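Below is one structure, written out as structure tokens; comments come after it.
Taken together, the values in this text are just the output of simple stated rules run on the coordinates, not laboratory data. Quick caveat: nothing in here was measured; it's all calculated off a predicted structure. Don't worry about glycine lacking a Cβ; one is built from the backbone with ideal geometry, like all the others, and counts go over all protein chains shown.
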């Protein structure tokens, strides 16, 4: 699965959790700047993990600072899982 498809999933979950339009979730943005608190961010990550069929320790996300990095992280995990 490519970056665009994963971004679409993250964007959809962020929009759903934050009650905003998907178009207002920028690839270069940060969830916290969109109003996401720590519980919202956890829910978005968990929903995306489930959508992608991934399992990993949430501690691995400690260096993820923005949506672009989050998409890249999920992409790398999905690639390893598909290998």
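Tabulated data
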read-out: Segment residue 33-residue 69, extension gain: residue separation times 0.36 nm, minus the distance between their alpha carbons; value: 11.5 nm
read-out: On Cα atoms only, tilt of 67-82 relative to the major axis of the chain in degrees; value: 20 degrees
read-out: Fewest-first sequence of 56, 74, 7 by Cβ atoms within 10 Å of each Cβ; value: 56, 7, 74
read-out: Sorted by Cβ density within 10 Å, fewest first, the residues 4, 40, 69; value: 4, 69, 40
read-out: Degrees between helix 38-52 axis and first principal axis of the chain (Cα, 0 to 90, nearest 10); value: 40 degrees
read-out: Overall form of the stretch 8-52 per C-alpha gyration tensor (a/c, 1.5; a/b vs b/c); value: oblate
read-out: Contact order relative to length of the chain, as percent, for alpha carbon pairs under 8 angstrom and 6 or more apart; value: 39 percent
read-out: Degrees between helix 3-18 axis and first principal axis of the chain (Cα, 0 to 90, nearest 10); value: 40 degrees
